[in-house]
1. For segment 176-278, state the semi-axes of the equivalent ellipsoid (square roots of 5 times the eigenvalues of the alpha-carbon gyration tensor), sorted largest first and rounded to whole angstrom.
2. Can you tell me how much longer the chain between Leu182 and Leu113 gets when fully stretched, taken as 0.36 nm per residue apart minus their C-alpha distance, in nm with one decimal?
3. Using a cut-off of 13 Å between beta-carbons, work out the net charge of the residues near Pro87 (Lys and Arg +1, Asp and Glu -1, Pro87 not included).
4. Report the one residue of His330, Pro443, Trp356 whose Cα lies farthest in the direction of the positive end of the charge dipole of segment 328-443 (charges on C-beta: Lys and Arg +1, Asp and Glu -1; origin at the Cα centre).
5. Ignoring any ligand, DNA or RNA, what whole percent of the accessible area of the chain comes from carbon and sulfur when the probe is 1.4 angstrom?
6. For the ranges 293-299, 322-328, 117-123, what's the packing order if you count other beta-carbon atoms within 10 Å of each residue, average per peptide, and put the highest first?
7. Given a 1.4 Å probe, how much area per residue of the chain is accessible, in Å²?
8. If we restrict to alpha carbons, what Rg and Dmax does the chain come to, in Å?
Amino acid sequence: LSVYLSRTLAMASAHPLGQPQVAQLTWIEGHAFDVSGYEHWHPGGLVLEHFIGRDATTVFYAMHPMSAHKWLKARRVEAPNAPAQPPCSEPLRDAYIKLHSEFTRRGWIEPSLRPLLNNLALSFFFFALAVWMPWGSSGVLPPTMLGLLVGMGFHQLAFTVHDCLHGGAITNKWCSRMVGFLLGGVGFGVLSDHWDDEHTAHHVMSNCIDHDLQQRNSPLITVDNKQRTDKRDVLPVAPAVEGWLLRVNHWFWILAATWGGRIALQLVGIHWATEKPKHRAWQVALLVLHYAWLAQLLSSRSAPFPVIGGINFGPWFAGLITYLVAGTLHIQLLINHASRPMNSDKDGLRNGGEDWVSWQADATADVRCPRWVDWFHGGLQFQIAHHLFPRLRSDRLRDATPEVYKLLKEHGIPVHVHDGIWGGVAATSRQLATACKEAGQKP
């Protein structure tokens, strides 16, 4: 009730009585809906602004549960007040709805504990080895071995957090988010609420420089020269430093992702928490607990090597290896999108009437791999199906992918697939080298 009243008061103050208002309309399945004042009540935030005056059927189906259709009825604009529907790709739209309905009928979009338990079991396996595996007479592990095991535990735990926050594991939304927050904050070491906010925008506006915060890392990682010319949230650095970063962009991104990905994610999350400390401080407390148990594990289970000047650097070395191994996750995340160009609101893909499905397919790439390594990728190798159907359970992505490819190809939309993870790394390096050349530098 308090949330409803606060949003109602905010809308009233933003639109005083007596002033003529221009309705903000979007179209879903051929019907117009008035979404005026969405900035005050829409859970997805400002991403809705990009669908004002255009068809939003596919993105609505992708991002919302079926229960959201009940909410739509109150905002429908009936004839003769409804203007004509703007141009859209009706065959693509209808084919997407048909496939979405088929996945729903099969139960693939319903939450399931199976992928959650599978990933938790793998994560527990690696952490259990780190805690209890015997090694030599001392019982402690070499720092490299300890770092490998803990890093792989984090790697698998990340997939669990991802599935929970997508609502693919637990039916009750509040419980799903709480499990995601605890596993993300205390377990994986990320402020899950902040990550979830960014991730929603990432799914709706993939590789869009004005909304996709998870892909805007310039100049540390410049995927597209538009990131520099558009100048949105670009880290201010000296021109000489920016030039050097552009020239080494095509290989430096691997170091930045593996060694710096987790640290950057945590620092940005802490900065986000300081904006509203009263409401977000508890998530920072979870991060403190994360580092408390991690430090205890590394210090108690790492062999004293190397020892320099009487100081045991074993736990620190194990920590570096942990970050390196867990950093492979950031490599996996980047090759799905950083291997593709970015776009802005000035590009024809977004302002030329193309359906949202076309945006997603252009910004996303899959990784071809055998079934026996699916555990390592956690569903990230089927990123196209995941982005077009984000509520699809991760354990059904492989089964759904051929049908998604068929949908795209039947409507003339290219499908981008890398040959293994190394093919994705090579494609990403080529894209970053292209950004360097577009900026007038030589990689």
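1. Values: eigenvalues 144, 47, 34 Å².
Each semi-axis is the square root of five times an eigenvalue, giving 27, 15, 13 Å.
2. Numbers: separation 69, 0.36 × 69 = 24.84 nm, distance 1.66 nm.
Between Leu182 and Leu113, full extension yields an extra 23.2 nm.
3. On the way: positive: Arg54, Arg93; negative: Asp55, Glu90, Glu354, Asp355.
Combined, the nearby Lys, Arg, Asp and Glu give -2.
4. Going by the Cα projections, it comes out as Pro443.
5. On the way: 13550 of 21050 Å².
Reported share for carbon and sulfur atoms: 64 percent.
6. Working: 293-299: 15.7, 322-328: 20.4, 117-123: 18.4.
Averaged packing, sorted descending, gives the order 322-328, 117-123, 293-299.
7. Numbers: 21050 Å² over 443 residues.
For the chain, the per-residue accessible area is 48 Å².
8. 23.3, 84
The values are calculated or read from the model by the stated rules, or taken from the named source; none is laboratory data. These figures come from a predicted structure and were not determined experimentally. All Cβ positions, even for glycine, are placed from backbone atoms using ideal geometry, and neighbour counts span all protein chains on display. Side chains are part of the model used for accessible areas, which takes the heavy atoms of the whole protein and leaves out ligands, DNA and RNA. Shrake-Rupley method; radii C 1.70, N 1.55, O 1.52, S 1.80 Å.
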